[in-house]
Amino acid sequence: MCGIVGYVGAKPAAPILVDGLARLEYRGYDSAGVAVLGPSEIRLHRDAVRVRELEAGLPKRFGGKSGIGHTRWATHGVPSQQNAHPQLSADGRVAVVHNGIIDNAAQLRAELEADGVPLTSDTDTEVLAHLIARAPADTLEDAVLTALGRIEGTYGIAVLHQAHPDRVVVARNGSPIILGIGDREMHVASDTAALVRYTKQVVHLDDGELATLRADGYQTFTRDARTTKTAVTVDWDASDYGTDGHEHFMHKEIAEQPDAVRRILKGRLDERFHTVRLGGLEMDARELREFRRVKILGCGSAYYAGQAGAQFIEEVARIPADAEPASEFRYRNPVIEKDTLYVAVSQSGETYDTLVAVQELKRKGGRVIGLVNAVGSSIARECDGGVYLHAGPEVAVASTKALTNMLVGFALLGLHLGRIRDVSPADGRRLIQALQALPEQIEAIVGDEEHLAAVAKELATAPSLFFVGRTRGFPVAREGAQKLKEISYRHAEAYQTSELKHGPLALVGPELPTVAIVPDDELLDRNLGALQEISARSGPLTVVTHDGVDLGVAPAHVIAVPKSEPELDPLLLTIPLQLLAYHAALTLGHDVDKPRNLAKSVTVE
Ligand code: G6P
């Protein structure tokens, strides 16, 4: 699995395919390949190399006006030339690229081998190429349908057939496939990043759908019937996928946060009624007042954002709210209540666990809205309505600006739910003013980078760290620890500060630095007490706090952020932790944007 591209049109396909693959590099991969349809045969070029090496090694004669390409992240078989995609059928007439996992691949491989088909790779994908080539069918579409009928598992595929040079056939079941409508040409990719340079008009396939792409257009269908799709316009540019002079995407995305926050707020603040307008929710005040609980579902950083969001909603709107990892929720046969508002939160809108949780909810009749960044993505389409995050494309694996906009999104939702209940106009005004102040306050924190880099340099030497916070500070601590783990590979564990004395304090000592989140709020005295306890055991302290707080101890480092309203504290307190993780990873010489073992969006089981 990883990235898919495809093209049919009047131009040479190979450069377009290679360019598309380069734009998917950020997702991580270990091999890459392309296949084009030459005048009389499929031409294949693939290897366990970076995209630019693949491009440099393209054979001179590699012409063809249709083709498919892939970046692979090994699941079945080591990274090698034979295992790279595209995979070919034994007769060389069919080429397939595939994301996802074929669960019954071993059985199908055994059947093919028993039938005398020579298998040349260790991949699950190869069986698809053989099955399509061997399917007794008149059209490529029927052959693909027949082959897919034998497959159990998930897939996004693109297929090229020598006997059908005018088309590429694609199919989706659990792994994204997006068509790009060009001018007398069609593109396809598993991620809009590969499309925006060529077109802004895209069509997302649904699970169970297939499409035939030809230079003059496309047709979508399922096993039973033709389908009709509506194209959506993506407002992301190819330039959004560049580093814009920054050394890394993560650095650029941290710096972009003030603008990202301005974008999510734009047009949504209602200063007349001291509330917010969220047209995308597609539920009026009467419907929204019926909800007695809010349940938030997401994975990774999105889950931590959900935890902070649940606290905001419960505190401000006084509706019981909590968050749970979507990856757990979907497996535990949850009770779905009709007076609970379910909220799915996701940057990519393609995280498989979150998507399946939404589908399970809907199957049981639950009402679910999305807080999603990628417009038109699977989760956004599956939800009953939602709030788009407008953070712009996020390329670095470690989420920064999307997470910040998730927190703002929850504040907007919470304020909206609160103002149709008992939140006063005065409180509404107070929170709106605080939201409006965020972009400049974030700018001030990001401007403190030199200091944060120096702190990070020191923390990076510790093999293990604690991050502690309580109530609103706890999701901040969790996200801070997560960020450090993800990109610096340091062991970092988050605890509620209140829980220190119930176990973790046993580990505190000169060898174990603690990053403590200490907002200037109603729990300040309690937090200061914990700082004393850590200091008394010679635990090195880095305190993330507000300007002007007297800590009563002398920590190794103090990181002070501007004051907001207490309910919004998590947002500003998280920003310095992003820069701490970034500089710790730099100090240790790691690949900041593409950490080992992680993918930007996990679109498989
Ligand atoms: C992956 C990424 C995380 C991300 C999570 C959820 O695990 O490595 O950084 O937070 O997916 O992604 P989403 O796109 O749903 O927000």
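Quick notes on this structure:
- Among residues of the stretch 556-600, those that are crowded, with 20+ Cβ neighbours inside 10 Å, within 16 Å of the ligand (Cβ to nearest atom) and acidic (Asp, Glu), counted: 1
- Candidates GLY428, GLY414 - the one that is surrounded by 24 or more Cβ atoms within 10 Å (Cβ to Cβ), modelled with pLDDT of 95 or more, more than 16 Å from the ligand (Cβ to nearest atom) and not hydrophobic (A, V, I, L, M, F, W, C): GLY414
Results for (1) assigned by TED's automatic domain parsing to the domain that holds ARG490; (2) more than 30 Å from LEU415 (Cα to Cα); (3) at pLDDT below 95, shown as yes or no for each residue.
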position: LEU524; (1), (2), (3): yes, no, no
position: THR545; (1), (2), (3): yes, no, no
position: LEU551; (1), (2), (3): yes, yes, yes
position: ILE559; (1), (2), (3): yes, no, no
position: ASP569; (1), (2), (3): yes, no, no
position: ILE575; (1), (2), (3): yes, no, no
position: TYR582; (1), (2), (3): yes, yes, no
position: ASN597; (1), (2), (3): no, yes, yes
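- Taking the criterion of being aliphatic (A, V, I, L, M) and under 36 Å from the mean Cα position of the chain (by Cα), the residues of the stretch 506-533 that qualify are LEU507, VAL508, LEU512, VAL515, ALA516, ILE517, VAL518, LEU523, LEU524, ALA530, LEU531.
- Enumeration of residues in the stretch 169-195 that are more than 22 Å from VAL356 (Cβ to Cβ) and touching a residue at least 60 places away in the same chain (Cβ under 8 Å): GLY182, ARG184, GLU185, MET186, HIS187, VAL188, ALA189, ALA193, ALA194, LEU195
- If you go through the stretch 387-428 and pick out every residue that is in contact with a strand residue (DSSP E or B) (Cβ under 8 Å, 6 or more places away or on another chain) and of a type in the set (D, E, K, R), you end up with 1.
- Reported count of residues in the stretch 160-198, each being surrounded by fewer than 24 Cβ atoms within 10 Å (Cβ to Cβ), small (Gly, Ala, Ser) and under 16 Å from VAL96 (Cβ atoms), is 1.
- Enumeration of residues in the stretch 79-111 that are without any contact (Cβ under 8 Å) to a residue 24 or more places away in the chain and surrounded by fewer than 19 Cβ atoms within 10 Å (Cβ to Cβ): ALA106, GLN107, ALA110, GLU111
- The residues on offer are VAL544, VAL553, and the sole one that is outside any helix (DSSP H, G or I), more than 16 Å from the ligand (Cβ to nearest atom) and crowded, with 22+ Cβ neighbours inside 10 Å is VAL544.
- Only helices (runs of 4 or more DSSP H) whose full extent lies in the stretch 420-504 are considered here, and the ones with at least 3 residues that are without any contact (Cβ under 8 Å) to a residue 60 or more places away in the chain are 473-488.
- Residue selected from the stretch 359-380 under the condition farther than 24 Å from ARG27 by Cα and touching a residue at least 24 places away in the same chain (Cβ under 8 Å), by the criterion farthest from the ligand (Cβ to nearest atom): GLY365
- Answer residue from the stretch 267-292, given it is of a type in the set (A, V, I, L, M, F, W, C) and part of a strand (DSSP E or B) and is farthest from the ligand (Cβ to nearest atom) among those: LEU269
- Check on VAL508, crowded, with 16+ Cβ neighbours inside 10 Å, modelled with pLDDT under 95 and touching a Phe, Trp or Tyr at 6+ places or on another chain (Cβ under 9 Å): yes
- Scanning the stretch 10-27 for residues that are in contact with a strand residue (DSSP E or B) (Cβ under 7 Å, 6 or more places away or on another chain) and either assigned to a loop (DSSP other than H, G, I, E, B) or hydroxyl-bearing (Ser, Thr, Tyr) (or both) turns up just one, LEU24.
One line per residue, one yes/no per condition, for (1) closer than 26 Å to ALA84 by Cβ; (2) free of Cβ contacts under 8 Å to residues at least 24 places away in the same chain:
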position	(1), (2)
VAL117	yes, no
LEU131	yes, yes
ALA135	yes, yes
ARG167	yes, no
GLY208	no, no
GLY217	no, no
LYS229	no, no
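The values are calculated or read from the model by the stated rules, or taken from the named source; none is laboratory data. Not measured: the values here are computed from a predicted model. Note: ideal-geometry Cβ built from the backbone for every residue, glycine included; neighbour counts use all protein chains shown.
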